[in-house]
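> What follows is a single structure, and I will ask about it in a moment.
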Amino acid sequence: MGRPLKIRDLTAEVPVVQGGMGVGVSLSGLAGNVAKCGGIGIISTAQIGYQEPEFDERPIECNLRAIAKQVRQAKAIAQGGIVGVNIMVATKKYGEYVRAAVEAGADLIISGAGLPTTLPALAGQSGAKIAPIVSSVKSASVICKLWDRKYQRCPDMVVIEGPKAGGHLGFTLEELEHMDEKAYEEEIKGIIALVRQYSEKYQYQIPVVVAGGVYEGKDLGHALALGADGVQAATRFVTTWECDASEAYKQAYLKAGKGDIQIVKSPVGMPGRAIRNEFIDRSEQGALRPQGGFRCHQCLEKCNQKDIPYCITDALINAVKGDLAHGLIFCGANAWRSTHMEHVPEIMAEFAKV
């Protein structure tokens with residue numbers, strides 16, 4: 001068994017963080033079971049309250065309430081395991097979401113989709129560990145330098161998210177088209193070297209985990225060989241019995257071939273990776289915009305309704321509920337490798353052997 005992943009006073013016996021997947025794909029069921037098996041279970045807070053009856057009328061209140069509920073449920077399943085949340089910086093009322101997660105007792109807050117410049121102040125002295133998601137030496141340097149100067153602290157963990165990740169990606173379309181895997185490994189090594197400088201300054205070994213395209217045990221071995229302390233994996237956990245998505249959503253992964261996975265332009269202006277379906281076809285034809293516009297679900301800070309082809313919240317909620325014809329099915333680059341349903345303990349046992 002490989003070395004455990006240590007984040008200050010937290011120890012994950014298996015150095016695997018289950019990546020946060022929204023909307024509603026990684027909630028308490030998945031996160032709690034990963035944590036129970038010695039990994040770190042992560043709940044996505046993106047529109048987390050979508051199942052609440054008054055979500056359409058009061059989305060933010062429902063989301064804040066659901067954060068507490070889902071963290072509590074996950075911790076009950078985890079039986080002492082580590083449960084965290086993923087909160088996108090681009091979220092409207094970002095600060096309120098972080099405070100809700102802290103109050104709920106989340107062990108760890110992972111934050112990307114923008115640089116989490118204010119996260120140390122929002123988490124305060126709560127004991128919740130904080131981890132930025134970065135994709136380049138430049139972004140890692142900006143966040144470490146800023147936290148050091150403004151808050152006199154370093155990240156408790158750093159997540160490096162590469163170009164093979166699922167959902168919204170921290171790269172331009174051009175970068176994704178010309179990204180060389182070996183070249184990106186040099187970027188990973190550069191980020192690790194930068195983080196080590198702050199480890200020395202703060203006399204604390206900041207763990208670095210690699211994400212994007214991590215699917216099996218050998219991917220963990222490869223990340224450790226590059227100098228990382230663990231990995232973040234998401235796509236592999238979608239086709240588990242414990243995953244919180246609908247059966248139809250999981251079947252879309254099981255049926256997808258390599259050629260069905262593509263980069264799409266999200267309404268929020270970032271490229272994303274998804275499984276091609278009828279919904280994407282209609283989106284490319286410009287056939288999704290309703291007359292009279294969209295009901296706003298208060299999801300993202302920067303969303304210009306008159307310019308978007310469809311509502312990202314509606315598209316992701318439809319997908320997770322199983323209405324795939326009207327849904328966007330986000331996935332990682334390796335989703336086509338899913339061939340059968342698995343249980344979380346089987347996957348965690350595979351990673352534990354590395």
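> Using a 1.4 Å probe on the protein heavy atoms, what percent of the accessible area of region 47-171 belongs to carbon and sulfur? All intermediate terms of the calculation are to be shown ahead of the outcome.
On the way: 2390 of 4740 Å².
C and S fraction of accessible area: 50 percent.
> OK, next. Compute, for the chain, the length of the dipole vector about the Cα centre, with Cβ point charges of +1 (Lys, Arg) and -1 (Asp, Glu) only. Units Debye, rounded to 20. Provide the component values of the computation, followed by the final result.
Numbers: 39 positive and 39 negative charges, 139 e Å.
Charge dipole of the chain: 660 debye, to the nearest 20.
> Could you give the spread of the C-alpha atoms of region 1-152 along their three principal axes, from largest to smallest, in whole angstroms?
That gives 43, 38, 27 Å along the principal axes, largest extent first.
> Not counting ligands, DNA or RNA, and with a 1.4 Å probe, what is Glu174's accessible surface area in Å² rounded to the nearest 10?
Per-residue accessible area (Glu174): approximately 130 Å².
> Here's another thing I want to ask about it. Report the dimensions of region 60-214 along its three principal axes from the alpha-carbon atoms, largest first, rounded to Å.
Reported extents, whole Å, longest axis first: 42, 35, 30.
> Given H placed on each backbone N at 1.01 Å, which residues far from Gly327 in sequence or on other chains put an amide H within less than 5 Å of it?
When sequence neighbours closer than 5 places are left aside, the close amide H contacts are Phe279.
> Using the heavy atoms of the protein chains and a 1.4 angstrom probe, tell me the accessible area per residue for region 87-183 in square angstrom. Please report the intermediate quantities before stating the final value.
Details: 4080 Å² over 97 residues.
Computed with neighbouring chains in place, this is 42 Å² per residue.
> So, one more: Here are some pairs, Lys138/Lys201; Lys218/Lys258; Lys36/Lys129; which of them have Cα atoms lying more than 23 Å apart in this structure? Show your work: numbers first, answer last.
Details: Lys138/Lys201 19 Å; Lys218/Lys258 20 Å; Lys36/Lys129 19 Å.
The pairs that break the limit, which is 23 Å between Cα atoms, do not exist here.
> In bins 10 Å wide, starting from 0, what share of all Cα pairs of region 92-147 does each bin hold, as a percent?
Each 10 Å bin holds this share of Cα pairs: 24, 54, 21, 1.
> How big, on average over all directions, is the shadow cast by the Cα convex hull of region 167-324, in nm²?
Values: hull surface 48.3 nm².
It is 12.1 nm².
> Can you classify the chain as rounded, prolate or oblate using the Cα gyration tensor, where a ≥ b ≥ c are the square roots of its eigenvalues, rounded means a/c under 1.5, and otherwise it's prolate if a/b beats b/c and oblate if not? Can you show the working numbers first?
On the way: a/c = 1.36, a/b = 1.27, b/c = 1.07.
Since a/c stays below 1.5, the shape of the chain is classed as rounded.
> Residues with amide H under 5 Å of Lys129's amide H, sequence separation 5 or more or different chain, H placed in the peptide plane at 1.01 Å from N; which?
Leu108, Ile109
> Same structure, new question: Give me the extension gain from Lys145 to Ser126: residue separation times 0.36 nm, minus the current Cα-Cα distance, reported in nm with one decimal.
Numbers: separation 19, 0.36 × 19 = 6.84 nm, distance 2.21 nm.
Full extension of this stretch gives 4.6 nm more.
> Given contacts defined as C-alpha pairs under 8 Å and at least six residues apart, what's the relative contact order of the chain, whole-number percent?
Numbers: 758 pairs, mean separation 68.0, N = 354.
Relative contact order comes out at 19 percent.
The values are calculated or read from the model by the stated rules, or taken from the named source; none is laboratory data. Since the model is a prediction, treat every value here as computed from it, not as a measurement. When we count neighbours, we look across all protein chains shown, and the Cβ atoms used for this are built from the backbone with ideal geometry, even at glycine. Keep in mind that these areas ignore ligands, DNA and RNA; they rest on the heavy atoms of the full protein, side chains included. Shrake-Rupley method; radii C 1.70, N 1.55, O 1.52, S 1.80 Å.
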